[in-house]
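The values are calculated or read from the model by the stated rules, or taken from the named source; none is laboratory data. If you're wondering where the values come from, they're calculated on a predicted model, not measured in any experiment. Virtual Cβ from ideal backbone geometry, glycine too; neighbours counted across all protein chains shown.
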Amino acid sequence: MATIETKYVGTLRTEMTHVKSGTVVLTDAPVDNKGKGEVFSPTDLVAAALGSCMLSIMGIAASEHQFSIEGTTASITKIMSSDPRKIAEIVVDLHFPGVYTDKQKKIIKIISETCPVALSLHPDLKQTVSLTFGG
């Protein structure tokens with residue numbers, strides 16, 4: 001059974017349905033590629049998936065090691081190249097509130113480099129990750 005069903009609805013827009021939950025996500029081609037840019041583009045979703053995956057796996061590890069990353073945020077920047085048109089770099093700036101031990105910081109750093117999305121992306125796609133703790 002499919003995980004996601006996607007339909008092209010016209011004007012460079014798709015409608016994706018998560019089969020199990022029924023959740024719907026729309027995509028548009030970006031303005032710089034003949035689209036409306038009114039919702040996420042497919043390449044935006046790739047960048048968003050990287051940050052979301054990191055936070056999700058960090059949350060699992062934090063729970064297993066009895067600490068919290070609640071309130072952690074990720075600011076994600078997608079940088080495109082033009083020839084060929086593709087994602088050249090994804091910059092993920094992670095901000096962790098609170099105080100963390102050296103061991104906890106090490107766990108978080110390892111996960112930022114080894115989450116499933118990070119490992120699934122082509123090695124030519126540059127992943128720049130910064131971790132800021134406290135504040």
Counting only residues that are outside the structural domain of residue 115 (by TED's automatic domain parsing), give me the strands (runs of 3 or more DSSP E) lying completely in region 1-95 with at least 1 of them. 4-10, 13-18, 24-28
Pairs please, first residue from region 121-133 and more than 16 Å from residue 77 (Cβ to Cβ), second anywhere and assigned to a loop (DSSP other than H, G, I, E, B), Cβ atoms under 6 Å, 6+ apart in sequence or on different chains. 133/100
Could you check region 20-37 and list, in sequence order, the residues that are touching a strand residue (DSSP E or B) at 6+ places or on another chain (Cβ under 6 Å) and in contact (Cβ under 8 Å) with a residue 12 or more places away in the chain? 25, 26, 27, 28, 35, 36
Single residue of region 1-33 satisfying the filter (among the charged types (D, E, K, R) and at pLDDT 95 or above) that is farthest from the chain's Cα centre (by Cα): 7
Select, from 79, 57, 69, the only residue that is within 18 Å of the chain's Cα centre (by Cα), surrounded by fewer than 16 Cβ atoms within 10 Å (Cβ to Cβ) and of a type in the set (A, V, I, L, M). 79
Among the residues of region 1-42, which ones are in contact with a Lys or Arg (Cβ under 6 Å, 6 or more places away or on another chain) and under 21 Å from residue 84 (Cα atoms)? 28
